[in-house]
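Here's the structure we're looking at; comments come further down.
The values are calculated or read from the model by the stated rules, or taken from the named source; none is laboratory data. Not measured: the values here are computed from a predicted model. Counting neighbours? That spans all protein chains shown, and the Cβs are built from the backbone with ideal geometry, glycine included.
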Amino acid sequence: MGELFSQFNILGAFWVTIQLTFFAAIGALVIGTVVAVMRVSPVPILRGFGTSYVNVFRNTPLTVIMVFTSLGLWQTLGLVLADEQSQHFFKDNNFRLAIVALAVYHASFVCESLRSGINTVQPGQAEAARSIGLTFLQNIRYVVLPQAFRGAVTPLGNTLIALIKNTTVASVIGVAEASFVMADMLDARADVLFLIFIIFAIGFVILTLPVGLLISAVSERLAVKR
Amino acid sequence: MTDALPAAHVDPDGAASTSGRPHTGEPLVVLDHVNKHFGELHVLKDIDLTVHHGEVVVVVGPSGSGKSTLCRTINRLETFESGSISIDGKPLPDEGKDLARLRADVGMVFQSFNLFAHKTILENVTLGPIKVRGVKKAEAEQRARELLERVGVQAQADKYPAQLSGGQQQRVAIARSLAMDPKVMLFDEPTSALDPEMINEVLDVMTKLARSGMTMVVVTHEMGFARKAGDRVVFMADGQIVEENTPEEFFLHPRSDRAKDFLGKILTH
């Protein structure tokens, strides 16, 4: 097993997985929050946009979005996210395109998680906020969202775990994350096929299990007392 | 429009009563032919009501008579279809910043308190002044502590709403509204969710507030409060204002059959 680790950069591959997860999670959280606010806003156009966003991205396979970022956004529409002169151009560009795909896709799930969180906030909270003169955005920011996030910890955590595993889809546009390296290894070392599978399965469990434990702990601690 | 006429009378204990004070003040809240439906149900039928500066109007009536809706319509937590509402001469704006600004001038106390569950008592009271009025934090906190002392919950300032009793929470809610220096305060059945022993501590605060000259619209089932602190009683039934009078007159000599029936049911025990 030691030779597998020296022959292939397994830890490096998982490091790429972690980086993809980290940046995509931040992107998804920001986009998802904005879309969720649109979906509960009093402006019909924004509500319509939010609903369309969720319906489009939640119902499109991630692989399709991933391939589109590479073939559509980059190669056809010319969206370049890295320095074209750099010798790491393909690596960097694909990595960033993958983050875009992961972020916009998971944002739809973040939005719906948050919306379920918003539904846990009693309507009286928003009414009281309106009655002291807070505007819609102030109401959302100071009263509704802080409580909605607490109510949404569990579904948000589920989305994060799904995101960690969905980073494997980035391999279709050549990002050398864990599953990409795994496929390489399976080609080269079919003799230890089961060992390779087990290494990667355990690798992902090591990433996701603590997230699950953290979610449980956080949701218990943050639960809004009524 | 029948205004409350000054009824010169004297309390049993000999002290001059504060109820039935003359109201020569300017009109503050004016509802003009307000109509509202919930689907098929006509909940507010052609409501005309004027509340003057410094006046305490108590709205009573059976459940489902539209009195809570009336209260919520005044600061547009409920929309209405026709008619107009103006506050201090300004018509109620539609959604947006103007409406938010107007709401800041209209305090509201809810049946279910609605304190911000994730904020401390002190933060509950300072949020509005800081974010809406732009008051500095230290200044807002000092004012908040004064208000909390005025309603008797200063010791709870750093706790969260869930740690307080219902009566304490409702008094904090009153302080939260007062912190905005409202022109008028609306009370939507403020004691209906309280245990009997906590009702008085809230009513005491409201009575003091009424005596200090605050303009108030109070929807309540507390007839004692209506008698003690009210300047005028508005009796609603089936979405209409059926009768308006001074508390004294209303309770002793109700004119309409609907009011006689209502009072007969609640005052016999």
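When restricted to residues that are surrounded by fewer than 18 Cβ atoms within 10 Å (Cβ to Cβ), assigned to a helix (DSSP H, G or I) and not aliphatic (A, V, I, L, M), region B:126-138 contains 1. Set side by side, the residues A:95, A:89, A:136 differ, and just one is within 23 Å of the chain's Cα centre (by Cα) and of a type in the set (Phe, Trp, Tyr), which is A:95. Of the residues screened, residue B:123 is not one that is farther than 24 Å from residue B:236 by Cα, facing another protein chain (nearest Cβ under 7 Å), among the charged types (D, E, K, R) and surrounded by fewer than 23 Cβ atoms within 10 Å (Cβ to Cβ).
No other residue among A:65, A:26, A:31 is surrounded by fewer than 16 Cβ atoms within 10 Å (Cβ to Cβ) and either assigned to a helix (DSSP H, G or I) or among the aromatic types (Phe, Trp, Tyr) (or both) apart from A:26.
With respect to the conditions (1) among the β-branched types (Val, Ile, Thr); (2) over 30 Å from residue B:97 (Cβ atoms); (3) touching a helix residue (DSSP H, G or I) at 6+ places or on another chain (Cβ under 9 Å), residue A:64 lacks only one, and its number is (3). Among the residues of region B:163-186, is there at least one that is crowded, with 23+ Cβ neighbours inside 10 Å, farther than 30 Å from residue B:134 by Cβ, of a type in the set (Lys, Arg) and in contact (Cβ under 8 Å) with a residue 24 or more places away in the chain? No: zero hits.
Return yes or no: is residue A:105 more than 9 Å from chain B (Cβ to nearest Cβ) and either surrounded by fewer than 22 Cβ atoms within 10 Å (Cβ to Cβ) or not hydrophobic (A, V, I, L, M, F, W, C) (or both)? The answer is yes for residue A:105.
One residue alone among B:145, B:101 is farther than 26 Å from residue B:189 by Cβ, assigned to a helix (DSSP H, G or I), without any contact (Cβ under 8 Å) to a residue 40 or more places away in the chain and within 14 Å of chain A (Cβ to nearest Cβ), and that residue is B:101. Of the numbered criteria (1) in a helix (DSSP H, G or I); (2) in contact (Cβ under 8 Å) with a residue 40 or more places away in the chain; (3) surrounded by fewer than 20 Cβ atoms within 10 Å (Cβ to Cβ), the one residue A:141 fails is (2). Candidates are the residues of region A:120-136 that are assigned to a helix (DSSP H, G or I) and touching a residue at least 24 places away in the same chain (Cβ under 8 Å); the one that is nearest to residue A:54 (Cα to Cα) is A:120.
Looking across region A:1-17, just one residue is part of a helix (DSSP H, G or I), aromatic (Phe, Trp, Tyr) and touching a residue at least 24 places away in the same chain (Cβ under 8 Å), and that is A:14.
Would a scan of region B:179-190 turn up a residue that is of a type in the set (Gly, Ala, Ser), assigned to a helix (DSSP H, G or I) and facing another protein chain (nearest Cβ under 9 Å)? Within region B:179-190, not a single residue is of a type in the set (Gly, Ala, Ser), assigned to a helix (DSSP H, G or I) and facing another protein chain (nearest Cβ under 9 Å). Annotation note: Cβ proximity below 6 Å between a residue of region A:18-43 that is within 25 Å of residue A:211 (Cβ to Cβ) and of a type in the set (Phe, Trp, Tyr) and a residue that is at pLDDT 95 or above and buried (at least 19 other Cβ atoms within 10 Å of the Cβ) (sequence gap 6+ or interchain) occurs for A:23/A:99. The single condition among (1) at pLDDT 90 or above; (2) not acidic (Asp, Glu); (3) not in a helix (DSSP H, G or I) that residue A:176 does not meet is (1). Just for region A:37-83: of the residues that are more than 16 Å from the chain's Cα centre (by Cα) and aromatic (Phe, Trp, Tyr), which one is farthest from residue A:149 (Cα to Cα)? Step by step, filter region A:37-83, then rank; the result is A:74. Taking first residues from region B:245-269 that are without any contact (Cβ under 8 Å) to a residue 60 or more places away in the chain and partners that are part of a loop (DSSP other than H, G, I, E, B), the Cβ contacts under 6 Å between residues at least 6 apart in sequence or on separate chains come to B:260/B:254; B:263/B:254. Once region B:76-98 is narrowed to residues that are aliphatic (A, V, I, L, M) and either over 19 Å from the mean Cα position of the chain (by Cα) or part of a loop (DSSP other than H, G, I, E, B) (or both), the residue that is nearest to the other protein chains (Cβ to nearest Cβ) is B:77.
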